[in-house]
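Chemist: Sharing a structure here in structure tokens format.
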Amino acid sequence: MSPDKMVHMANQIATFFKSQPGDEAADRVAAHLSDFWEPRMRRQLLDFIAADGAGLDPLVIEAAKRMNAPAD
Amino acid sequence: MKDFIIPWNDTDMGTPAKTGAPVTLTIDGFEVTVPEGTSVMRAASEAGIQVPKLCATDSLEAFGSCRLCVVEIEGRRGTPSSCTTPVTEGMVVRTQSKKVQKIRRGVMELYISDHPLDCLTCAANGDCELQDMAGAVGLRDVRYAAGENHFEVRQNGEENPRYIAKDTSNPYFAYDPSKCIVCSRCVRACEEVQGTFALTIEGRGFDSRVSPGAADDDFLTSDCVSCGACVQACPTGTLQEKSVIELGTPSRSVVTTCAYCGVGCSFKAELNGDELVRMVPWKHGKANRGHSCVKGRFAWGYAHHQDRILNPMIRDSIDQPWREVSWDEALGFAAARLKGIQEKHGRRSLGVITSSRCTNEETFLVQKLARAVFLNNNTDTCARVCHSPTGYGLGQTFGTSAGTQDFDSVEHTDVVIVMGANPTDAHPVFGSRLKKRLREGAKLIVIDPRRIDLVKSSHVEAAHHLPLKPGTNVAVITAMAHVIVTEGLADEAFIRDRCDWNEYAEYAEFVADPRHSPEATEALTGVPAEALRAAARTFATGGNGAIYYGLGVTEHSQGSTTVMGIANLAMLTGNIGRPGVGVNPLRGQNNVQGSCDMGSFPHELPGYRHVKNADVREVFERAWGVEIDPEPGLRIPNMLDAAVDGTFKGLYVQGEDILQSDPDTRHVAAGLAAMECVIVHDLFLNETANYAHVFLPGSTFLEKDGTFTNAERRINMVREVMKPLNGYADWEVTQALANAMGANWTYSHPREIMAEIAATTPSFAGVTYDLITEKGSVQWPCNEAHPEGTPLMHVDEFMRGKGRFIVTEYVATDEKTGPRFPLLLTTGRILSQYNVGAQTRRTDNNVWHDEDMLEIHPHDAEQRGVKDGDWVKLASRSGETALRARITERVSPGVVYTTFHHPDTQANVVTTDYSDWATNCPEYKVTAVQVMPSNGPTDWQEHYNELAARSRRIEAAE
Ligand code: SF4
Ligand code: SF4
Ligand code: SF4
Ligand code: FES
């Protein structure tokens, strides 16, 4: 997937959970990514963050540390 | 012969059933007890006594015009009509006596004297109530000479001024006025059942005639929507299906389910041998109660269309012509390619797309193919592009991914919100049932950018129409909640009892913030604050409140958030858990609900259970003897992305046309073109098949057994009406493909697949074919706790326990208008066509809609120099296409609208790849576009048509 599209999708998720009350946003973004992003999408996200993560919401970067490691 | 014996009585009881206190009376000496309000005619019928009748039928309220049904009642003078006389306690009725017999004979004599006596050659011969009644009353001679009449073309050598020629303008039925007895059943059916009011009785007495529309209208030009209710109600051959005129009256019938929309109407398929003659909505069908729309009743001709492909075909690459081969060769070719791909690119390089048009059993097998044979979770379905946000949103708030009510519930509703849905076009039978309730006085709130028909049509007018700007659903819903909370209209007792109070407190604080007030959001949403306040008050205080919504809610980047907002609104007003209320997603395709239930989504196994749960995986691991991948799989857009990236190489698509139905056509095409093995399993060489290497012919719903699950969670039987022309039902083809890959499946009938579903999926635990056949249909959950199914959900408590309020912050979509693309495009459908149109385009339904048009407001059209009917170019940042314009005030200034039923239009070349944040459901309903005059199709359209023609070539057989 194009990096722009991935950044857009990940940030959309962060935006939703940021709007929710409580302070578990990072965990909830992480859970959402683990539940709905196929391993190669999560892998791409991790690789992208390792490169520079430009444009990603900081909440996504935090969540990426907490999501399940992609299998394979 | 494989007739399905109907355990129900199909007798016409004359007048509709009533509910009321029991009343006991005596009819011809027999005692019978019926509910108060029942007619004497119906009571007699309950007792097994049929009183002769012509103007009465049990789908319509009694009218009392023919006087054939007269009876004698002790203590009453004269001979009252039994259809209009309600029963009273202790009443003593005689249905036969010299006196009534004489009256009836006289009545029949009058009718027959003005009727052409050509029964033997009449299409209704053997299926005509006038004939039956002539027999029943013992009519033996007609004393009147044929004088002035309506049936002779010429009289005394001159033209008969009373004769009106046949109207054959409707493609599916004919109107022959010479046979009409002016019983007005058709007029009343159009009003009471369909709610269109297209027919009237013109003139008086002997001169009265049935007339569609205005004086110079015929059926086609009138308001008639061709639902066929009048044809069904007509007791004579006056209104008659053309198929019956052509093929003769049917001799056997099979009860089955419509394969078009999510209403899931039950039908009697009526045949001679294996030739389908007509489809008649089945009066015991609980979704439709004997009604249907033009698609289900009439648009089945595609089953025999010459375009249908009946032999398997393969090709090495998509630039080659197709080669017809045997099933064995096609399956062997496919299996070898798929296995080769997995060896080279790993097990996650393959996937499947299940069909929302196929049966539950077929869908179950396709996802099983991914999970048990491909050993991954790469399965998705077209629900991705329509109702996936419903699954997520209702799952989060209520704990289950489905509507809360049955359709009957609408009969108890007092206030209805219809949001982002157009029931009279997309869910016509539900639309008719809703209109009936509105005519009885229920109030309607329409939240939609377009002025849909429900906003104002015959005898129906919305109390409030909130014409919001596309993309601002969340802001509007939250503003409604703001009004309800800040004006103290919330049902706190319900909330305390049924929901998590702390979550509610947080939610209430959020919505009460003045920035969510209608005044604050007016500029953004375009909805006048006062109108929004009034609508919110009506909903909160008007009694039973029900919300019905469609794709105008889900197909947005905040689709899931809007669904949660709708759920919040229902909880906030205590509108959950009883008849007349609830949250009701109107599903697009016939089996969208079922395909989701069956585990078509890549993150969940059948019954909406996440693949990460080891206990759930274990159930299937034990049943299937394989290890289930605990990682979620790819969704359709993700598959296409991965294909472009080169890691996803093979796809089995059953009964879907993603190239036409999915957004951003160029991206879909690029994804498909990058794959090494695309298997299309369908009736026709659809658009996706242009990129396919293997084509497996599919079967229609008339050619297989199975079940569909409609929008009310109702599991309906689909029955094999005729043998599959292509040789195999779709489930057999999937099984053969799995077995070609070494699976060793041994299903011999879909009932065995249902048994496997029941054994593995708790909400289906009690479902069997026997139960469905016995009950007619079953609504899941159906298990030990609900052995007969569940019409209403969340009655005492939510599926998840406490209902959960979720904060719904409005986030503007990134698809914004600007100087280059100043208009917002939104998309939808119309009555006569269905989805990508593969079926309906291959029927006479095209007379109503043979091309997609762009609706544009007069103001926007004028600015651009566009006139009605002109070709215009429609451009977005994704691409451009051309179609013709229709200038209308149905759309607001700044908004344009089109349908996507025709491949030539390529409307999805224009839509973008933005999608719902939670589910990737594409944002079909908002695209920033520009419209400008043009001379005709774009280069892309011409190029595409060439490519399509080239890739559909089939090599001549040697
Ligand atoms: S087909 Fe339906 S809409 Fe048309 S006249 Fe008959 S009842 Fe009315
Ligand atoms: S067309 Fe049929 S239903 Fe209508 S008035 Fe004539 S006979 Fe009755
Ligand atoms: S398309 Fe829908 S409303 Fe029409 S007959 Fe079929 S199920 Fe019923
Ligand atoms: S059937 Fe009762 S008056 Fe016609």
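Chemist: Determine the principal axes of the Cα atoms in region B:403-585, then give the extent along each, sorted from largest to smallest and rounded to whole angstroms.
Modeler: 42, 37, 27
Chemist: Please identify which residues in region B:22-41 have an amide N closer than 14 Å to a label point set 7 Å out from the Cα of residue B:97, following the Cα→Cβ vector.
Modeler: Backbone N within reach: B:27-29.
Chemist: For chain B, what is the relative contact order in percent, using Cα pairs closer than 8 Å and at least 6 residues apart in sequence?
Modeler: 13 percent
Chemist: Once fully extended, how much extra length lies between residue B:626 and residue B:459, figured as 0.36 nm per residue of separation less the alpha-carbon to alpha-carbon distance?
Modeler: Once the chain is fully extended between residue B:626 and residue B:459, it gains 54.2 nm.
Chemist: With everything on Cα atoms, drop me the angle between helix B:559-572 and the longest principal axis of chain B, reported from 0 to 90° to the nearest 10.
Modeler: The two axes meet at around 50 degrees.
Chemist: Positive end of the dipole of the protein assembly as shown, charges at C-beta (+1 Lys, Arg; -1 Asp, Glu), about the Cα centre: which of B:733, B:679, B:250 has its Cα farthest in that direction?
Modeler: Of the candidates, B:250 comes out farthest on the positive side.
Chemist: Something else: How much net charge surrounds residue B:928 when only the other residues with a Cβ under 9 Å from the Cβ of residue B:928 are counted, with Lys and Arg +1 and Asp and Glu -1?
Modeler: Local net charge: +2.
Chemist: Along Cα→Cβ, 7 Å out, is where each label goes; now give me the distance between the ones at residue B:88 and residue B:9 in nm to one decimal.
Modeler: 2.6 nm
Chemist: Please check region A:17-39 for residues whose accessible area, probe 1.4 Å, is lower by 20 Å² or more when all protein chains are in place than in their chain alone.
Modeler: Output list: A:19, A:20, A:21, A:28, A:32, A:35, A:36, A:38, A:39.
Chemist: Counting DSSP beta bridges in chain B, what percent are antiparallel, to the nearest 5?
Modeler: 60 percent
Chemist: Taking the Cα centre of region B:49-97 as origin and charging only Cβ (+1 Lys, Arg; -1 Asp, Glu), how large is the dipole, in debye to the nearest 20?
Modeler: With only Lys, Arg, Asp and Glu charged at Cβ, the dipole is about 220 debye.
Chemist: Then there is this: Treating the beta-carbon of each Lys and Arg as +1 and of each Asp and Glu as -1, no other charges, what is the dipole magnitude of the protein assembly as shown about its Cα centre, to the nearest 20 debye?
Modeler: Roughly 1420 debye, rounded to the nearest 20.
Chemist: In nm², what is the average projected area of the convex hull enclosing the Cα atoms of chain A?
Modeler: Mean projected area of the Cα convex hull: 4.3 nm².
Chemist: Using a loss threshold of 30 Å², tell me which positions in region B:329-350 are less accessible in the complex than in their chain alone. Probe radius 1.4 Å, ligands and nucleic acids ignored.
Modeler: SASA drop of 30 Å² or more in region B:329-350: B:348.
Chemist: Related question: Figure the gain on full extension for residue B:524 and residue B:209 (residue separation times 0.36 nm, minus the Cα-Cα span) and round it to one decimal in nm.
Modeler: Length difference between fully extended and current span is 108.1 nm.
Chemist: Chain pair B, A: how much accessible area is buried, both chains summed, with a 1.4 Å probe, in Å² to 100?
Modeler: 2500 Å²
Chemist: Which GluC sites (Glu not before Pro) does region B:431-508 hold that lie in a coil by DSSP with at most 16 other beta carbons within 10 Å?
Modeler: Qualifying residues, ordered by number: B:440, B:487.
Chemist: Still on this model: Which FRET efficiency value, to the nearest 0.05, is calculated for residue B:862 and residue B:275 with the Förster distance at 51 angstrom and r the Cβ-Cβ distance?
Modeler: My answer for the efficiency is 0.45.
Chemist: Let me see the P(r) profile for the protein assembly as shown: every Cα-Cα distance counted, bins of 10 Å, each bin given as a percent of all pairs.
Modeler: 2, 11, 19, 23, 21, 13, 7, 3, 1, 0
Chemist: With charges set only on the Cβ (+1 for Lys and Arg, -1 for Asp and Glu), what does the dipole of region B:22-136 come to about its Cα centre, in debye to the nearest 20?
Modeler: It works out to roughly 560 debye.
Chemist: 5 Å is the cut-off here: which amide hydrogens, built 1.01 Å from N in the peptide plane, fall below it relative to residue B:915, excluding neighbours closer than 5 in sequence?
Modeler: Long-range HN contacts for residue B:915: B:923.
Chemist: As a test, work out the antiparallel percent of DSSP beta bridges whose residues both lie in the protein assembly as shown, rounded to the nearest 5.
Modeler: 60 percent
Chemist: When only DSSP loop residues count, what GluC sites (Glu not before Pro) in region B:776-809 have their Cβ near at most 10 other Cβ atoms within 10 Å?
Modeler: Loop-located and lightly packed - B:784.
Chemist: Where in chain B is the longest stretch that carries no chymotrypsin sites (Phe, Trp or Tyr not before Pro) classed as loop by DSSP and with at most 13 other Cβ atoms within 10 Å?
Modeler: Answer from the scan: B:145-958.
Chemist: Where Lys and Arg each count +1 and Asp and Glu each count -1, what net charge lies around residue B:851 among other residues with Cβ under 9 Å from its Cβ?
Modeler: -2
Chemist: Based on the Cβ-Cβ distance from residue B:251 to residue A:19, what FRET efficiency comes out when R0 is 56 Å, to the nearest 0.05?
Modeler: Calculated value: 0.35.
Chemist: Hey, another quick one. How far, in degrees from 0 to 90, does helix B:501-512 lean away from the longest principal axis of the Cα atoms of chain B, to the nearest 10?
Modeler: With rounding to tens, the tilt is 90 degrees.
Chemist: Something else now. Each residue of region B:417-426 in order: what ³J(HN,Hα) in whole Hz does its phi give by Karplus 6.51 cos²θ - 1.76 cosθ + 1.60, θ = phi - 60°, with x for Gly and Pro?
Modeler: My calculation for region B:417-426 gives 9, 10, 10, x, 9, 9, x, 5, 9, 8 Hz in order.
Chemist: Still on this model: Please name which of B:826, B:15, B:772 has its Cα lying farthest along the dipole of the protein assembly as shown towards the positive end, using unit charges on Cβ (Lys, Arg +1; Asp, Glu -1) and the Cα centre as origin.
Modeler: About the Cα centre, the residue reaching furthest to the positive side is B:15.
Chemist: Now for a different question. Using a Förster radius of 56 Å, what is the FRET efficiency between residue A:69 and residue B:943 based on their Cβ-Cβ separation? Nearest 0.05, please.
Modeler: 0.80
Chemist: Report the net charge of residues surrounding residue B:224, where surrounding means a beta-carbon distance below 12 angstrom and charges are Lys +1, Arg +1, Asp -1, Glu -1.
Modeler: Summing Lys/Arg as +1 and Asp/Glu as -1 gives -4.
Chemist: Based on DSSP H runs of at least 4 residues, each adding -39500 (n - 2.57), what is the mean residue ellipticity at 222 nm of chain B after dividing by all its residues, to the nearest 500 deg cm²/dmol?
Modeler: -8000 deg cm²/dmol
Chemist: So how tilted is helix B:529-541 from the main axis of chain B? Cα-based, degrees 0 to 90, rounded to 10.
Modeler: Once rounded, the angle reads 60 degrees.
The values are calculated or read from the model by the stated rules, or taken from the named source; none is laboratory data. The model shown is predicted, which means the values in this text are computed figures rather than measured ones. Positions of Cβ are generated from backbone atoms using ideal geometry, with glycine treated the same way; all protein chains shown enter the neighbour counts. Ligands, DNA and RNA are stripped out before the accessible areas are found, and what is left, the full protein with its side chains, is counted by its heavy atoms. Shrake-Rupley method; radii C 1.70, N 1.55, O 1.52, S 1.80 Å.
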